[in-house]
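A short reminder: the numbers here are calculations on the coordinates, not readings from a lab. Here the structure is a predicted model, which is why all the values come from computation and not from measurement. Glycine gets a Cβ as well: all are built from the backbone with ideal geometry, and neighbour counts include every protein chain shown.
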Amino acid sequence: MEPPRYIVVEGPIGVGKTSLARRLAARLSAEVLLEQPLENPFLARFYQDMPRYALPTQLFFLFQRLRQIEPLAQSDLFARATVSDFLLDKDPLFARITLSGDELALYRKIFDSLRPQAPTPDLVIYLQAQPDTLIERVRRRGVGIERPISEEYLALLAESYTRHFHYYSAAPVLIVNSENLDFVSRDADLELLIERMHCMRSRREYFNRGV
């Protein structure tokens, strides 16, 4: 495989995708493209009352991601590598677990009508962790609006990510068990991941480091 120029780091809330995206971008001298959840005025209310605020929360994120990803259609963007912490193709994943039938149908119509012709990533790094690990990491980072998030919701989210990437085939995927990896504090873990990225020979590989 050619060295990836457009890398996406994905995974459920609390798995560390944004931290890894930042570190990878710095290490690879790449541009970084991050979603901005705190710009969403509905997000705090969504965590308090999911059925009521799921649709506006989802639509705000969709429009935000569309706006961010639109410049990727420009060919000169990839003069430098780009690392992002969101994959537009996974946007409906949240919709399927939070929206009612009519709301989901409306969301799908909007998504299908607005979806841009954005380039496919050269590599997706999909981070996995157990729900109890996710909830511990969410609590540890101490973002106020995330306090109401339950382990049950994170378990459902993690299961939905697993199902999504089981069928995802648009780009090569490196599936990473992040339970015993710390890409922020341990440089050796980051270097090991980069080595695995560059050594990939198939479109779906696994990276699992034991204790």
| Stokes-Einstein D for region 5-63, Kirkwood Rh over Cα pairs, 10 °C, 1.306 mPa s (µm²/s) | 121
| request: Treating only the Cβ atoms of Lys and Arg (+1) and Asp and Glu (-1) as charged, compute the dipole magnitude of the chain about its Cα centre; round to the nearest 20 debye. | output: 80
| request: Select from Leu24, Leu59, Gln48 the residue farthest towards the positive end of the dipole of region 1-63; place +1 on Cβ of Lys and Arg, -1 on Cβ of Asp and Glu, and compute about the Cα centre. | output: Leu24
| Within a Gaussian network of the chain (alpha carbon springs, distance under 10 Å), most fluctuating of Leu114, Leu181, Leu62 | Leu114
| query | Rounded to whole Å and sorted largest first, what semi-axes of the equivalent ellipsoid does the C-alpha gyration tensor of region 6-208 yield via the square root of 5 times each eigenvalue? | reply | 26, 21, 16
| task | Write down the Kirkwood hydrodynamic radius of region 97-211, to one decimal in angstroms, obtained as one divided by the mean of 1/r over all alpha carbon pairs. | result | 16.7
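If you stretched the chain out fully between Arg45 and Glu151, how much longer would it get, using 0.36 nm times the residue separation minus the C-alpha to C-alpha distance?
36.4 nm
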| message | Full-extension gain between Ala188 and Arg52, please, as 0.36 nm times their residue separation minus the C-alpha to C-alpha distance. | response | 44.5 nm
